[in-house]
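First the structure, in the form of structure tokens, and then the observations on it.
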Amino acid sequence: MKPFLILQLRPERAVSDDEYAAILAKSGLTADQTHRICLDHQDLPDPLDLEAFSGVIVGGGPGCVSDTPEEKTATEARIEAAILSLMPAITRRDVPFMGCCYGISVLGHHLGSEVSKRRYSEPVGAVPCRITPAGRADPLLADLPETMTAFVGHKEALQELPAGAVHLMEGVACPYQMIRVGQNIYATQFHPEADSDGVAVRIRAYREKGYFPPETADDLIAATSGADTADIARILRNFVRHYATG
């Protein structure tokens, strides 16, 4: 099998490692079936041969594409530039792609849609997400329940559906929870890899990042403990099964 390219955006090593372990566990991949690049300290190969991979999976991160240059750290700006540099080839060639949380912002921004904090931000928590009628026909969602619980936590969001995109899943506070562009390019606002243990790691790491009042971190960990996200995690496994090649 060709490996899957895993691109990670989190500068915090413990959080990045925990996310990578979660992606492996939820997708069914082993480490030797992936090529992992941590963009906070590693460069993309130049050139990057996308044909060498079964697909691309992008993790989440604390950056926002809608932040001004002055608001972004040097690392956040570097990561954003690296991801955006891949999007023309991915969208032009319809490369299998799964962008999680930050990935939907990058895809929307690349396609010229408004990504901002104007509406649809969501606090950290477990929320219901529902498959749309169009989503019911998608191969990654065909065998899943209509409504599933997913972990979210984001300051910015798509403000409208990008031109030509298919709306696959919706939420209550944030309507665009999962979209598809072309036949093979997917992005989610939620974190399909996240479970309550992983979210606790992120809450501790990002308690000063403006997602929630820092003094509420312990209560937030308690409130999210035990949320059942097993169904939503099957999206990652379905992605891998659908696109594993070679």
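Just so it is clear, none of the values below were taken in a lab; they were calculated from the coordinates. The structure displayed is predicted, hence computed values, not measured ones. In this analysis, Cβ positions are derived from the backbone assuming ideal geometry, glycine residues included, and neighbour counts consider all displayed protein chains.
Side notes on the structure shown:
- Residue list for the range 93-145, filter: within 15 Å of the chain's Cα centre (by Cα) and on the phi > 0 side of the Ramachandran plot: Cys101
- Hey, Gly59 out of contact with any Asp or Glu (no Cβ under 6 Å at 6 or more places or on another chain) and surrounded by 13 or more Cβ atoms within 10 Å (Cβ to Cβ) or not: no
- Filtered by the rule that a residue be in contact with a helix residue (DSSP H, G or I) (Cβ under 9 Å, 6 or more places away or on another chain), acidic (Asp, Glu) and more than 19 Å from Val181 (Cβ to Cβ), the range 105-163 gives Asp143, Glu146.
- Residue list for the range 147-157, restricted to those being under 19 Å from Val124 (Cβ atoms) and free of Cβ contacts under 8 Å to residues at least 60 places away in the same chain: Val152, Gly153, His154, Ala157
- Residue within the range 101-124 that is surrounded by fewer than 17 Cβ atoms within 10 Å (Cβ to Cβ) and touching a residue at least 60 places away in the same chain (Cβ under 8 Å) present: yes
- Residue count for the range 209-224 under the criterion of being surrounded by fewer than 17 Cβ atoms within 10 Å (Cβ to Cβ) and within 22 Å of Pro62 (Cβ to Cβ): the result is 9.
- Met148 being within 15 Å of the chain's Cα centre (by Cα) and assigned to a strand (DSSP E or B): no
- Any hit, the range 187-201, residues being farther than 21 Å from Gly61 by Cβ and either in contact (Cβ under 8 Å) with a residue 60 or more places away in the chain or assigned to a loop (DSSP other than H, G, I, E, B) (or both): no
- Failed criterion for Val65 (all others in (1) under 17 Å from the mean Cα position of the chain (by Cα); (2) of a type in the set (A, V, I, L, M); (3) outside any loop (DSSP other than H, G, I, E, B); (4) surrounded by fewer than 21 Cβ atoms within 10 Å (Cβ to Cβ) hold): (3)
- Test: residue in the range 228-240 that is farther than 18 Å from Val115 by Cβ, crowded, with 20+ Cβ neighbours inside 10 Å and hydroxyl-bearing (Ser, Thr, Tyr): yes
- Scanning the range 145-161 for residues that are more than 20 Å from Arg234 (Cβ to Cβ) and crowded, with 22+ Cβ neighbours inside 10 Å yields Gly153, His154, Glu156, Ala157, Leu158.
- Pairs meeting the criteria (first residue in the range 235-246 and over 16 Å from Pro145 (Cα atoms), second residue in a helix (DSSP H, G or I) and of a type in the set (Gly, Ala, Ser), beta carbons under 8 Å, at least 6 apart or on different chains) are Phe239/Ser27; Val240/Ser27.
- The residue that is farthest from the chain's Cα centre (by Cα), among those in the range 36-55 that are charged (D, E, K, R) and not in a helix (DSSP H, G or I), is Asp46.
- Looking only at the range 60-90, and only at residues there that are touching a residue at least 40 places away in the same chain (Cβ under 8 Å) and touching a His at 6+ places or on another chain (Cβ under 7 Å), the one that is nearest to Leu39 (Cα to Cα): Gly60
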